[in-house]
């Protein structure tokens, strides 16, 4: 509530206490602890130096990727936030690159017609425009995206409304197709841009939660022990909760899952070595 009222420093202080309590009760690597830690860093960017927030979030994202894998759907919302932080700090090239990498993984894991993929396309089109793209090119990207949103999701879907808002702002603020990013950066008032960004982030977050629930349901239907194979090389971390990889599982080999741990599984190799696989998206059941 304090953040919504603009009192970011006090909100940061209050959230720091919440993070400390989560670390004490649940541990530093717990799903809920990590989510709140990410929110804290994002909020800190609004209360302090955006460059400091980028550095802190980069470290946080590296930690999250070690625990769950960079392509795990749980990490997609945080990767979207990182792109936004880079743009806020003025690193538009880095923001575009981060968003392009995220879109590649969304297309691979979710497909082109998924609402989360459409949301990342909206974020990428906006970021490219703000990085120096011509208004005509940015408008064309949003027009194409709006067509896809209407075809796949309908007129009232959240991401459809967000894309309409972007297009309305483009049409409202310029009729010159050669105008470049200074206008694009000022398309929205202080109220409209954060609203559009928040709605886009919500769609990506909701999509990730739905996919995580699907993965969990798949795991429930295949209660251990079972054999499985992975679609890409992924790290195994110690079963006692450590974050440093101790081995890898690779495509082309069957592995034995001996215990379910939330969305993760405890794996035993054919040599008897055991470790936890955090990223279980797309695994093939034997």
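Some notes on this structure:
- Note on region 125-140: residues that are surrounded by 16 or more Cβ atoms within 10 Å (Cβ to Cβ) and farther than 22 Å from residue 85 by Cβ total 3.
- For region 226-248, a residue qualifies if it is loosely packed, with under 13 Cβ neighbours inside 10 Å and either at pLDDT below 80 or within 22 Å of the chain's Cα centre (by Cα) (or both), and the qualifying residues are 233, 240, 244.
The values are calculated or read from the model by the stated rules, or taken from the named source; none is laboratory data. Please read all numbers here as calculations on a predicted model, not as lab measurements. Neighbour counts run over all protein chains shown; Cβ positions are idealised from the backbone, glycine included.
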